[in-house]
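Heads up: the structure comes next, in structure tokens.
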Amino acid sequence: MTMFLIKKADVGNIAQELSREYQIYGPMIEKGSGQTFFDRAQDLAEINLSAPIPSNPPKSVVFPQMERILSYEYDRAKNAVKMEPDYKIEPRALVGLRPCDLAGILCLDRFFMGQEFVDEVYLNHRKKMFIVTNTCVAPFKQCFCVCTDSGPAAGEGYDLNLTDLGKECLVEVGSEKGTALAAKLALKPANDSHLAMKKEKVDKSIAMFEGIAVDSKAWISRVMNRVTTGFVKEDVWEYVGDQCFECGACTFVCPSCSCFNIADVNNPECAGCADRLRTWDSCSYEGYSRMAGGHNPRKPVEDRRNKRFFCKLSYSQMKKYLRPGCVGCGRCAWVCPGDIGLPNVVTYVRREITR
Amino acid sequence: MSQVLNIQNGKIVTVPEVATIEEIRDEIREVKTFYLSIDNKEIWNNFKYKSGQFIMCTIFGAGEFAVSLPPSPENDRFHITVRTVGKVTSALHGLKPGDKVGLRGPFGNGFPFEEFKGKNLVYVAGGIGLIPLRSSIVHALQHKKDFGRVLVLHGARTPDDLMYKENIKEWQSFEGFETYITVDAPTPDWKGETGFVHTLFDKANLPVENTIAFVCGPPVMFNTVIGELLKRGLPDENIYSTLERHMKCGIGKCQHCAVGRTLVCTDGPVYTYRQIKTLGEEI
Ligand SMILES: Cc1cc2nc3c(=O)[nH]c(=O)nc-3n(C[C@H](O)[C@H](O)[C@H](O)COP(=O)(O)OP(=O)(O)OC[C@H]3O[C@@H](n4cnc5c(N)ncnc54)[C@H](O)[C@@H]3O)c2cc1C
Ligand code: SF4
Ligand code: SF4
Ligand code: SF4
Ligand code: FES
């Protein structure tokens, strides 16, 4: 693998160079609230690679909360239809992605592009994307990527990966696009001693989980077995279901949740013109599976909760993603008003095993 | 972007093909049959599907919905039969011959007819449950020599709710085809059977050995009929049904049609009762 070094003070040059071709997205600390958001940078200086894990995952860049997937016009007078798969997708670069969030995108990749059918809209986003990941040299309170094999260092799938080695940053190249960019920046080559320094940093980061990442203790493997084989007792799902407010927040902050809805919306300014929009949806919503005549095969909320956890924690999902559906970011635990973020649910299931 | 990009494995995936409504026939209250043809002749000539598959139909300005393909894949005029239940289906009912719609598909698994060779086929349909079974029935009719007895049992609430009346007449006259009809609530002029559809089983001398049953209808009917079939000793893997779920993408991405660990749009809509039992959800 090709590796380079870049001076810490020059790291900004990467985004600068990318901004010639790409819209730049990255982690930024919002002034008023002090919260980190992953968003489009108006000013590249706002991007803060040492900001804490963003409140929102970068998912929306590749799978927007609402997007047009088709537009059409039905001219009734001429009885003619014009249709455009009008994706209008701009090239975008994600700079400073956390490894867990990269793993989230790789989940989405497998799901949208790696099965019988390819989702063309997603494919178009992905083709035009550049990804710069950032090794986590220290975890945050709610992190548990060590349990889900998604951090604190990125394995594959990045164009460039950065690791803070102190005065300098190690730049690992993961793709041809990455090679081309490194060439433009005329970086200094790195060697195995730098790789060893990175390993030391990562080992240290992993060692810090016990002291820092104290919010979530999610030991997932046993639980996956239980969830897959259907051995989780009714009353655990019922308890989890009872706690759920059906707000959908967990779904929306999850880097790997991908359920969506589709609706055709008429354009008020043009007779016969409509856009087909897809929007995020959540399997926890009551109307999610409702059918004609009001029949809903999936009524009780525990049915729907158990769907989400099955999706994150079963072998059949493992087959799809080649990893758990959960990437250990802990965001669902942050936002859940019912206190049933994934780590807690894992704990409830484990408690049942040891009971 | 060329349309060809949107065809994967011979299917129209994202961008619908424009189709023209050639003719509309009334079936029963709230149900009409629409005869269609795809405008792009090349795609129309290469358009193939299997009995039991479905398509997504766009009504311009209203949206898209999932619909079965009732014609046999061979030698049968292409059509869909649709009941008005809401916004999109009502918009379709408001269209007239010559109007355009969009079609995407075919999607889903279809019936594994190869496995049915030499067997008796029993079709049990409640109300508009006959729509998704029609394709398979006509296929069986066209290949009668491949099968043993072929029985169609159709029940509806009233005589006015019986589906595909003209087809049923044809099927009745077809050698080796047995058709039994019943209604729950007869009108004064009704001369046929009354009672729920499973009450026909004795009259039909229902075969059980070497038999495949297809069951489709509202959830109550489904459960009663399955119960009766199992009681008579039909193995659960020989009972087939097509499931209906709320659908949006048709290609296994939106997850609206998830049932148990499967997706109705890609793993279904055809399931055996043995599979349905393990899905852990209502029908
Ligand atoms: C594989 C498959 C085959 C089908 N075949 C036929 C057929 O041959 N003929 C036919 O008349 N109908 C068929 N349906 C049902 C048909 O898709 C729905 O009746 C239709 O989508 C309702 O759309 P709408 O916009 O008119 O109703 P809406 O206004 O969207 O909704 C009315 C009610 O129907 C529910 N609904 C919305 N979409 C669906 C959906 N896809 N399936 C079930 N309920 C839904 C809503 O939640 C609401 O309760 C089939 C469905 C599937 C999944
Ligand atoms: S979960 Fe792991 S990869 Fe994600 S922010 Fe925390 S330490 Fe980094
Ligand atoms: S399930 Fe929760 S912890 Fe796991 S990836 Fe999704 S938001 Fe993060
Ligand atoms: S965030 Fe919590 S309460 Fe809201 S839908 Fe998710 S599990 Fe339910
Ligand atoms: S209809 Fe979208 S996943 Fe089945």
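The values are calculated or read from the model by the stated rules, or taken from the named source; none is laboratory data. Small disclaimer: the values here were computed from a predicted structure and weren't measured. Note that each Cβ is placed from the backbone with ideal geometry, even for glycine, and that neighbours are counted across all protein chains shown.
List of remarks:
- Among the conditions (1) over 17 Å from the mean Cα position of the chain (by Cα); (2) farther than 24 Å from A:Leu342 by Cβ, A:Ala138 misses just one, which is (2).
- Yes/no for A:Ala249 being touching a residue at least 24 places away in the same chain (Cβ under 8 Å), small (Gly, Ala, Ser) and within 16 Å of ligand 4 (Cβ to nearest atom): yes
- Output for segment A:307-343, where each listed residue is closer than 24 Å to A:Val214 by Cα and surrounded by fewer than 20 Cβ atoms within 10 Å (Cβ to Cβ): A:Arg323, A:Trp334, A:Val335, A:Pro337, A:Gly338, A:Asp339
- Qualifying residue in segment B:76-97 (condition: on the phi > 0 side of the Ramachandran plot and away from ligand 4 (no atom under 16 Å from the Cβ)): no
- Just so you know, in segment A:98-116 the residues that are touching a Ser or Thr at 6+ places or on another chain (Cβ under 8 Å) and free of Cβ contacts under 8 Å to residues at least 60 places away in the same chain include one that is farthest from the other protein chains (Cβ to nearest Cβ), and it is A:Pro99.
- Some residue of segment B:242-262 being buried (at least 22 other Cβ atoms within 10 Å of the Cβ), away from chain A (no Cβ under 13 Å) and within 27 Å of B:Leu206 (Cα to Cα): yes
- Top-ranked residue of segment A:252-269 - restricted to ones that are more than 18 Å from A:Ser60 (Cβ to Cβ) and of a type outside the set (Gly, Ala, Ser), ranked as farthest from ligand 4 (Cβ to nearest atom): A:Glu269
- Check on A:Asp203, modelled with pLDDT of 95 or more and either farther than 24 Å from A:Val95 by Cβ or away from ligand 5 (no atom under 16 Å from the Cβ) (or both): yes
- Summed over segment A:230-285, the residues that are more than 9 Å from chain B (Cβ to nearest Cβ), part of a loop (DSSP other than H, G, I, E, B) and over 18 Å from the mean Cα position of the chain (by Cα) give a count of 14.
- Qualifying residue in segment B:80-97 (condition: more than 14 Å from chain A (Cβ to nearest Cβ) and either closer than 19 Å to B:Val264 by Cβ or buried (at least 21 other Cβ atoms within 10 Å of the Cβ) (or both)): yes
- Every condition in (1) under 28 Å from A:Glu17 (Cβ atoms); (2) in contact (Cβ under 8 Å) with a residue 60 or more places away in the chain; (3) among the acidic types (Asp, Glu) holds for A:Glu176 except the one numbered (2).
- Subset of segment B:263-283 (residues that are closer than 17 Å to B:Gly52 by Cα and either facing chain A (nearest Cβ under 7 Å) or not hydrophobic (A, V, I, L, M, F, W, C) (or both)): B:Thr266, B:Asp267, B:Gly268, B:Pro269, B:Tyr271, B:Thr272, B:Tyr273, B:Gln275
- Residue in segment B:54-67 that is more than 14 Å from chain A (Cβ to nearest Cβ), of a type in the set (Phe, Trp, Tyr) and within 12 Å of the chain's Cα centre (by Cα) present: yes
- The listed residue being away from ligand 3 (no atom under 16 Å from the Cβ), modelled with pLDDT of 95 or more and either among the small types (Gly, Ala, Ser) or surrounded by fewer than 24 Cβ atoms within 10 Å (Cβ to Cβ) (or both), out of A:Gly178, A:Gly104, A:Gly114: A:Gly178
- Cβ pairs under 6 Å, 6+ apart, first in segment A:73-86 and modelled with pLDDT of 90 or more, second among the aromatic types (Phe, Trp, Tyr): A:Tyr74/B:Phe60; A:Val81/A:Tyr74; A:Met83/A:Tyr72
- If you go through segment A:249-264 and keep only what is within 15 Å of ligand 3 (Cβ to nearest atom) and out of contact with any Cys (no Cβ under 9 Å at 6 or more places or on another chain), you end up with just A:Phe252.
- Selection status of B:Glu228, of a type in the set (Asp, Glu) and either under 21 Å from the mean Cα position of the chain (by Cα) or within 14 Å of chain A (Cβ to nearest Cβ) (or both): no
- Test: residue in segment A:296-313 that is modelled with pLDDT under 90, among the aliphatic types (A, V, I, L, M) and over 25 Å from B:Glu244 (Cβ atoms): yes
- Enumeration of residues in segment B:59-111 that are closer than 15 Å to B:Val18 by Cα, of a type in the set (Gly, Ala, Ser) and assigned to a strand (DSSP E or B): B:Gly63, B:Gly102, B:Gly105
- Test result for B:Val122, away from ligand 4 (no atom under 16 Å from the Cβ) and farther than 26 Å from B:Lys11 by Cβ: yes
- Looking across A:Val95, A:Val62, one residue alone is within 14 Å of chain B (Cβ to nearest Cβ), surrounded by 14 or more Cβ atoms within 10 Å (Cβ to Cβ) and over 30 Å from B:Pro97 (Cα atoms). It is A:Val62.
- Some residue of segment B:55-66 being crowded, with 16+ Cβ neighbours inside 10 Å, touching a helix residue (DSSP H, G or I) at 6+ places or on another chain (Cβ under 9 Å), in contact (Cβ under 8 Å) with a residue 40 or more places away in the chain and closer than 18 Å to B:Phe111 by Cα: no
- Scanning segment A:311-355 for residues that are more than 16 Å from ligand 2 (Cβ to nearest atom), outside any helix (DSSP H, G or I) and away from every other protein chain (no Cβ under 14 Å) yields A:Leu322, A:Cys336, A:Pro337, A:Gly338, A:Asp339, A:Ile340, A:Arg355.
- Extreme residue, surrounded by the fewest Cβ atoms within 10 Å (Cβ to Cβ), among residues of segment A:65-92 that are out of contact with any strand residue (DSSP E or B) (no Cβ under 9 Å at 6 or more places or on another chain) and not hydrophobic (A, V, I, L, M, F, W, C): A:Lys78
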